[in-house]
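Participant: Okay, here's the structure, questions in a sec.
The values are calculated or read from the model by the stated rules, or taken from the named source; none is laboratory data. Here the structure is a predicted model, which is why all the values come from computation and not from measurement. Reconstructed Cβ throughout: ideal geometry from the backbone, glycine too, with neighbour counts over all protein chains shown.
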Amino acid sequence: MANSRDAAAYDAAVEATWRHSGSFELPLPVAQKDLVRYATLAANSHNIQPWRFRVADRAIFVLPDSRRRLPSVDPDDHHLFASLGCATENLVQAAAAFGLRANATFDAAAGGIRLDLEQAAPARSQLFDAIPRRQSTRSIFDGRAVPAEHLRLLEAAGSDDGVKLLLFTERKQIEDILGYLIAGNSAQMDDAAFIAELKSWLQFNYAEALATDDEPQNAPAPPPCRAGSDVSFSVLSSQRTARTGPMRPSSGARPASPCSSRIRTSRPHGARRGAVVSGSPCRRRRWVFGIASSISRSKFQRCGDRSPISLELEIDARISS
């Protein structure tokens, strides 16, 4: 009974968070709060939502939340800052819909991204409209090849200053990559520090997820246990084998689904700034894939990476739905 109530409360929080604004003609302070909400809907590594937001007079800062660092799996904070880049791209796209131009720069003194806001003609784009529909899924693709035109769009969206997208479409290339993924997963699952870290940030029921503004593991029916408890973690042991299904074709006659990797070709402004730049086109790449591709995926059912709003302003005011 309690779990059903928690699930209903969780669903209500998700619905209140993953939506478009009712109005885009808002006073700047109100618009800034909604821009931060849009930023929190961004893709982020491990769904840890590692961000804080500081709202100034005509600016918003996107800053790292050191409490959500994952030193075992992300020791140099590259994924953390790439996640900030994704949030920044969301905010830039949303600002245009509110009649604002958001000019993003990496602020070394603040340790994050500063977005200065100025008035502009309202512009609502397909990318902005896609923000609340974005989701991540590990479902298997339907086996159809991605059209060459869409691959070109993905490649263009994934490259930027000092960042290049490497797109792999040949079967042997993908099988070779799968071998590395399986070996890497096995090494991680044998690492006690990694397992301890994984337990620390997983949420195992809706009450915990609501309390931390995160997503529960194993939805829609997570077990009534805590991440710190002594769990056999069959879900973790299953990670030893990479999820190869989505990357393999469904029949021998079909070409393999593409996989990709992004590399930093240079670090002209430092590793953290480079990670932010890396995250921003990654966000656009996800949008382009969702808008342009006709590959079918499963419908979201409380199990993507959608979580209730998770944002914290510098004034220490936790904003809820």
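Participant: Against the condition modelled with pLDDT of 95 or more, of a type in the set (Gly, Ala, Ser) and either more than 17 Å from Ser200 (Cα to Cα) or surrounded by 20 or more Cβ atoms within 10 Å (Cβ to Cβ) (or both), how does Ala59 come out, does it pass? Reasoning before the result, please.
Facilitator: Values: modelled with pLDDT of 95 or more: yes; of a type in the set (Gly, Ala, Ser): yes; either more than 17 Å from Ser200 (Cα to Cα) or surrounded by 20 or more Cβ atoms within 10 Å (Cβ to Cβ) (or both): yes.
When the stated conditions are applied, Ala59 passes them.
Participant: Can you tell me which residue in segment 199-220 is modelled with the lowest pLDDT, limited to those that are aromatic (Phe, Trp, Tyr) and not in a loop (DSSP other than H, G, I, E, B)?
Facilitator: First pass over segment 199-220, keeping only residues aromatic (Phe, Trp, Tyr): 201, 204, 206.
Filter once more, so that each one left must be not in a loop (DSSP other than H, G, I, E, B): 201, 206.
Details: Trp201: 79, Tyr206: 82.
Result: Trp201.
Participant: Sort out which residues of segment 1-29 are closer than 18 Å to Ile131 by Cβ and outside any loop (DSSP other than H, G, I, E, B), and write them in order of number.
Facilitator: Going residue by residue through segment 1-29, those that are closer than 18 Å to Ile131 by Cβ are 13-24, 26.
Of everything in segment 1-29, those that are closer than 18 Å to Ile131 by Cβ and outside any loop (DSSP other than H, G, I, E, B) turn out to be Ala13, Val14, Glu15, Ala16, Thr17.
Participant: Has segment 34-50 got any residue that is without any contact (Cβ under 8 Å) to a residue 60 or more places away in the chain and closer than 19 Å to Asp116 by Cβ?
Facilitator: No, there is no match, as no residue in segment 34-50 is without any contact (Cβ under 8 Å) to a residue 60 or more places away in the chain and closer than 19 Å to Asp116 by Cβ.
Rundown of residues vs (1) surrounded by fewer than 19 Cβ atoms within 10 Å (Cβ to Cβ); (2) of a type in the set (A, V, I, L, M, F, W, C); (3) at positive phi, yes/no style:
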position: Ser21; (1), (2), (3): yes, no, no
position: Phe24; (1), (2), (3): yes, yes, no
position: Leu70; (1), (2), (3): no, yes, no
position: Pro75; (1), (2), (3): yes, no, no
position: Gly85; (1), (2), (3): no, no, no
position: Thr88; (1), (2), (3): no, no, no
position: Asp107; (1), (2), (3): yes, no, no
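Participant: Would you check which residues across segment 104-162 are among the charged types (D, E, K, R), touching a residue at least 12 places away in the same chain (Cβ under 8 Å) and farther than 26 Å from Ser23 by Cβ and list them?
Facilitator: Within segment 104-162, the first condition is being among the charged types (D, E, K, R), and the residues that meet it are 107, 114, 116, 118, 124, 129, 133-134, 138, 142, 144, 149, 152, 155, 160-161.
With the extra rule that they be touching a residue at least 12 places away in the same chain (Cβ under 8 Å), the set shrinks to 107, 114, 116, 118, 124, 129, 133-134, 138, 142, 144, 149, 155, 160-161.
Asp107, Arg114, Arg138, Asp142, Arg144, Glu149, Glu155, Asp160, Asp161 - these are the residues of segment 104-162 that are among the charged types (D, E, K, R), touching a residue at least 12 places away in the same chain (Cβ under 8 Å) and farther than 26 Å from Ser23 by Cβ.
Participant: Return the residues of segment 118-138 that are surrounded by 13 or more Cβ atoms within 10 Å (Cβ to Cβ) and of a type in the set (Asp, Glu); say none if nothing qualifies.
Facilitator: Selection gives Asp129 alone.
Participant: Can you name the number of the only condition in (1) part of a helix (DSSP H, G or I); (2) of a type in the set (Lys, Arg); (3) touching a residue at least 24 places away in the same chain (Cβ under 8 Å) that Arg67 fails?
Facilitator: For Arg67, the failing item is (3).
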